[in-house]
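Reviewing the structure listed below.
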Protein chains: 4
Amino acid sequence: VTNTREPRRPQEAPRRYVLTVTCPDTTGIVAAVTGFIASHGGWVLEAAQHGDLTTGRFFQRIVILAESMPFGPEEFKVRFTEVARKFELDWELHDTEVPRRVVVLVSREDHCLADLLHRWRSGDLQCDIPLVVSNHPQLRPLVEGYGIEFRHVPFVSGRKADAFPEVAALFDAARGDVMVLARFMQILPADICQRYAGRIINIHHSFLPSFAGARPYHQAFARGVKLIGATCHYVTADLDAGPIIEQDTLRIDHADSVEELLRLGRDIERSVLARGLRWHLEDRVLVNGNRTVVFG
Amino acid sequence: VTNTREPRRPQEAPRRYVLTVTCPDTTGIVAAVTGFIASHGGWVLEAAQHGDLTTGRFFQRIVILAESMPFGPEEFKVRFTEVARKFELDWELHDTEVPRRVVVLVSREDHCLADLLHRWRSGDLQCDIPLVVSNHPQLRPLVEGYGIEFRHVPFVSGRKADAFPEVAALFDAARGDVMVLARFMQILPADICQRYAGRIINIHHSFLPSFAGARPYHQAFARGVKLIGATCHYVTADLDAGPIIEQDTLRIDHADSVEELLRLGRDIERSVLARGLRWHLEDRVLVNGNRTVVFG
Amino acid sequence: VTNTREPRRPQEAPRRYVLTVTCPDTTGIVAAVTGFIASHGGWVLEAAQHGDLTTGRFFQRIVILAESMPFGPEEFKVRFTEVARKFELDWELHDTEVPRRVVVLVSREDHCLADLLHRWRSGDLQCDIPLVVSNHPQLRPLVEGYGIEFRHVPFVSGRKADAFPEVAALFDAARGDVMVLARFMQILPADICQRYAGRIINIHHSFLPSFAGARPYHQAFARGVKLIGATCHYVTADLDAGPIIEQDTLRIDHADSVEELLRLGRDIERSVLARGLRWHLEDRVLVNGNRTVVFG
Amino acid sequence: VTNTREPRRPQEAPRRYVLTVTCPDTTGIVAAVTGFIASHGGWVLEAAQHGDLTTGRFFQRIVILAESMPFGPEEFKVRFTEVARKFELDWELHDTEVPRRVVVLVSREDHCLADLLHRWRSGDLQCDIPLVVSNHPQLRPLVEGYGIEFRHVPFVSGRKADAFPEVAALFDAARGDVMVLARFMQILPADICQRYAGRIINIHHSFLPSFAGARPYHQAFARGVKLIGATCHYVTADLDAGPIIEQDTLRIDHADSVEELLRLGRDIERSVLARGLRWHLEDRVLVNGNRTVVFG
């Protein structure tokens, strides 16, 4: 089986530290944060910020060339804590040498999964994928063809509540950082949503808030909309109502049957999910209440 | 005042008959209709058709070069009645020499109105605009600057029910064919919706069915969507739920305030309304239950 | 190896005859063609037509439900010849039970190929893929994983002229109908372009006519364009100048390096190629000089 | 004449200083610039930056709330000079209380001009428009209807060289900051391009670099492209080859005649020009060789 070759690492990408910060907005934050970096000779590759007028929160993302700093990520964290305390910063430092671990949950539809796996192997998604979990056995060969572990957890009607803890345990055992619902088609219980808040990413096959819930393409067809869409969002206990990461739409017309919508929609689902996951992995997405800041 | 010059008539557009047909789908309809046209030597400039599998209805639009027919529109209608009877056709023949009469209803926002008037004068919209009605006086100069009659019908709080009959009477007196709600911001009563069914066109400033009703940009901001949209639809007694003619969306991001959404949305509202109205005037839009067939 | 399962056949698609017609435009063509079909009780599922004012040519595509006709495709052809002679029709009848045979030519980049193979297996592309040919050995496992024959034809520098006849012979031996250059990166000699005119489909990684030739993303970066694009076109002896089937563009910004353009471009290349090939397989694309008619 | 009412000033927009900076990239720039602002208690509303790897240049835009600073723009400039010297900054400080003065050059087509004037009066474009210059008299009423001076400068065939200095003199007399070619259709001589480098904005009616020069829609039709476009760029002595500010594309199909392309193109021309000009007026566009940085 030949898909097991290692994913490409893009040669142009040197090791970086990605610092993300949120705090109550005030003067001097950027000066303090960039002053800290500059005082150690750090080279800033990218920086973006946003002051949200409705919540009064400040958001920042800074990408630093690792080799420009005189110390490693652990000492960075220790030293930065002082700056952070002064401005009440919520912050995270992500070292690109430590790829996040993505666990994918799927059902029987393979278009999103196949797309993610291809991107992962092509080096477009900077992550490890240690595990794929499914409530059906069909996609095992696709997954194992990439050298990735596949676990089938049956969801027996009437006893689904038993299956979710098993999924969570597999996620924990795989030391998962991100859980991706790549057309998983099962509603996660509230306790799992809360335990992994901000770490579960779903693709919904409509332009939310339109057509939440089941069979969105059938709903879209019945309403006679002229565009269909897809939405990538963080999962919360509120069905299809979590913070939106990315959306897109696609023009259709009166001649498109529901089956055509299903087919056309697959393309937009996979690209919206891939962009949303990519941005999450690159620490571009910061949650702001039920909205997101996405640094381009 | 110099805007009163006549709207341009595009020189490339010769007189045409536009025949639109709907009926229960069966074999032989197209052969019969085109056979009728061909038997008189008629030259077909455009033709499009659609068989709807869910409703079993057939839809067709044929554009015929007027000068290729040996008789005028009245005789066309008489002779075509026989074909129509056989296939139970609902049909209409529109002579492009007889432009439709469009009455525009506005409130205080001028972006959609200004756009329609500019397109009309540029010859992009093949129609007459005999009248603009508003519940506010502010847009009178803009309208009269184009040599078009402006009527102010005050909508007094608590006595709005009195105003609607006056609007309808003005529409009738102006021999209106189409009523365009160009950000009119008042909910039409059910009896008016029914009396002019299929002839009232609204622009709603959201991607329906999301954010129906009031303040859709505020709703969109609060939900944190990544695209905003606009919807052009026929008005029915069901608020914002009539058959959709055209929609479009526009990318926004976290940095856009509600005010920015309002500003950006104006561009998409005016272009979606202009396309929807244009297609209606060109007989491209056929209603199919609560959906539309739009022949491109 | 489990990818070898048969491609899905969409259950909703019954056997159809797709009739495509081009001829000098005149009155009565549609009446004659649809009259022929109706006289045998044929059920028309889709029909579209176009009269081109610049070339005076008429184009038509009609999809007929096979089971509604009292005879098979061979007798259809015999009987239709009489109609065709009268109007000097160039015409083709394609039976959807006889899928076209697609031979894919690739180099080392796998994104277009992987996408086509996934769509083929999902039943989105109605064709057979008997063979993939490459000037490099790397993609053999991907291809063979789908149960498809892979042939490596080395293109030795200075002796490339020897390789092309071998590719053509493989195409002929596989009884290929369509040759798809899925990022093949080799310029076909004029004789091959002519021998398979209208049957070779290329994806070029720019919005043609901008950035024809080599390294289009580098050209786009240097010019500072704000959108990149991709173009699917029929191959002619004129490099990157054949009739365009489909194009699309994607927004980029100043922060995108050439490497980012390459990455982002892959998504648009694969979707533009897939649409173009799909439309070709569905007989939606008719060549009109150096332009195409594409029936939606 | 009622269009002469003052353009709206958006109530939500307080006075701001917009600081734009470019310099050779090095460590500590952002810390120094934001440190300067913070040391005076300045409140940063927006900030964006870009380090260009190909040119080694750094670009930054910072928007500061004016009332948060303890001194006015003049003292700001004096004090900032010291920071600027250390890092070899090219910089500008724009006070939003001092709107830029835009002079528009037009020919006979009014769609871009009418759009700019409507946006200006709606408060969407923060600028003054003291003057419109045209080589034809037709658009005088439209311009004067907005209370703006209109000057007709005839361009006599064979003696066009005489007209350009007159245009430049009018621009200077109007104390113009920006010259907008809103479908002016005349090629500016090199000396004017150089004198006002970075201050002349053109809208070209194609997706450059495709179809530079005359009659781009005719060129697009002949080539059979599936999308048309428009490009807003700074004018240089090289025809249609200056730094691109903004572009967009629009889907067309085989049924669209050249006249349809002209009509459809007008919408995209006016929106692309409006966006490009708006971004220029908001100091979002920084020139980087023959490319631009556009801060969103």
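The values are calculated or read from the model by the stated rules, or taken from the named source; none is laboratory data. Worth saying up front: this structure is predicted, and the values here are computed from it rather than measured. As a convention, Cβ positions derive from the backbone with ideal geometry for all residues, glycine included, and neighbour counts pool all protein chains shown.
Here are the numbers:
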item	result
Members of segment B:237-278 found to be closer than 30 Å to A:GLN60 by Cβ and aliphatic (A, V, I, L, M), listed by number	B:LEU250, B:ILE252, B:ALA255, B:VAL258, B:LEU261, B:LEU262, B:LEU264
Residue check, B:ASP256 of a type outside the set (A, V, I, L, M, F, W, C) and assigned to a loop (DSSP other than H, G, I, E, B)	yes
Residues of segment A:200-214 satisfying the condition of being without any contact (Cβ under 8 Å) to a residue 60 or more places away in the chain and crowded, with 17+ Cβ neighbours inside 10 Å	A:ILE200, A:ASN202, A:HIS204, A:SER206, A:PHE207, A:LEU208, A:PRO209, A:SER210, A:PHE211
Residues of segment D:11-27 satisfying the condition of being among the aliphatic types (A, V, I, L, M) and modelled with pLDDT under 95	D:ALA13
Extreme residue, farthest from the other protein chains (Cβ to nearest Cβ), among residues of segment C:214-239 that are among the hydroxyl-bearing types (Ser, Thr, Tyr) and outside any helix (DSSP H, G or I)	C:THR236
Enumeration of residues in segment B:267-279 that are basic (Lys, Arg) and either facing another protein chain (nearest Cβ under 9 Å) or surrounded by fewer than 22 Cβ atoms within 10 Å (Cβ to Cβ) (or both)	B:ARG275, B:ARG278
Flag for A:SER206 being under 21 Å from A:HIS111 (Cα atoms) and hydroxyl-bearing (Ser, Thr, Tyr)	yes
Qualifying residue in segment C:104-119 (condition: in contact with an Asp or Glu (Cβ under 8 Å, 6 or more places away or on another chain) and touching a residue at least 40 places away in the same chain (Cβ under 8 Å))	yes
Looking only at segment A:64-79, and only at residues there that are in a helix (DSSP H, G or I) and in contact (Cβ under 8 Å) with a residue 40 or more places away in the chain, the one that is farthest from A:PRO14 (Cα to Cα)	A:ARG79
Some residue of segment A:149-162 being in contact with a helix residue (DSSP H, G or I) (Cβ under 9 Å, 6 or more places away or on another chain) and in contact (Cβ under 8 Å) with a residue 60 or more places away in the chain	no
Any hit, segment D:215-231, residues being under 16 Å from the mean Cα position of the chain (by Cα), crowded, with 21+ Cβ neighbours inside 10 Å and touching a residue at least 40 places away in the same chain (Cβ under 8 Å)	yes
Residues that are touching a helix residue (DSSP H, G or I) at 6+ places or on another chain (Cβ under 7 Å) and among the polar types (S, T, N, Q), drawn from segment B:19-56	B:THR27, B:THR34, B:GLN49
All positions within segment C:140-187 that are of a type in the set (D, E, K, R), over 20 Å from C:LEU281 (Cα atoms) and surrounded by 13 or more Cβ atoms within 10 Å (Cβ to Cβ)	C:ARG140, C:GLU144, C:GLU149, C:ARG151, C:LYS160, C:GLU166
Selection count where residues are closer than 19 Å to C:ASP248 by Cβ and either more than 14 Å from chain C (Cβ to nearest Cβ) or charged (D, E, K, R) (or both), scope segment D:240-266	7
Selection within segment A:80-106 - surrounded by 13 or more Cβ atoms within 10 Å (Cβ to Cβ) and assigned to a helix (DSSP H, G or I)	A:PHE80, A:VAL83, A:ALA84
Output for segment C:186-213, where each listed residue is among the β-branched types (Val, Ile, Thr), outside any helix (DSSP H, G or I) and within 17 Å of the chain's Cα centre (by Cα)	C:ILE200, C:ILE201, C:ILE203
Those residues of segment A:38-47 which are closer than 22 Å to D:LEU45 by Cβ and either more than 7 Å from chain D (Cβ to nearest Cβ) or outside any strand (DSSP E or B) (or both), in sequence order	A:GLU46
Residue within segment A:1-10 that is farther than 22 Å from D:SER68 by Cα, over 26 Å from the mean Cα position of the chain (by Cα) and at pLDDT below 95 present	yes
Residue satisfying condition, being under 17 Å from the mean Cα position of the chain (by Cα) and within 14 Å of chain C (Cβ to nearest Cβ), within set A:ARG175, A:ARG183	A:ARG183
Any hit, segment A:254-276, residues being under 27 Å from A:ASP191 (Cβ atoms), of a type in the set (Gly, Ala, Ser) and in contact (Cβ under 8 Å) with a residue 24 or more places away in the chain	yes
Residue list for segment D:111-124, filter: crowded, with 21+ Cβ neighbours inside 10 Å and within 18 Å of B:ARG121 (Cα to Cα)	D:CYS112, D:LEU113, D:ALA114, D:ASP115, D:LEU116, D:LEU117, D:HIS118
Of all residues making up segment C:107-148, the number that are at the interface with another protein chain (Cβ under 10 Å from one of its Cβ atoms), at negative phi and assigned to a loop (DSSP other than H, G, I, E, B)	7
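Each row is one residue, and each column tells you yes or no for (1) within 11 Å of chain C (Cβ to nearest Cβ); (2) modelled with pLDDT under 95; (3) at positive phi.
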residue	(1), (2), (3)
B:ILE29	yes, yes, no
B:PHE36	yes, no, no
B:THR54	no, yes, no
B:PRO70	no, no, no
B:LYS86	no, yes, no
B:ASP90	no, no, no
B:PRO99	no, no, no
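Rundown of residues vs (1) modelled with pLDDT under 95; (2) under 21 Å from B:ARG278 (Cα atoms); (3) of a type in the set (Val, Ile, Thr), yes/no style:
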position: B:ASN135; (1), (2), (3): no, no, no
position: B:ASP162; (1), (2), (3): yes, no, no
position: B:ALA174; (1), (2), (3): no, yes, no
position: B:ARG183; (1), (2), (3): no, yes, no
position: B:GLN186; (1), (2), (3): yes, no, no
position: B:ALA190; (1), (2), (3): no, no, no
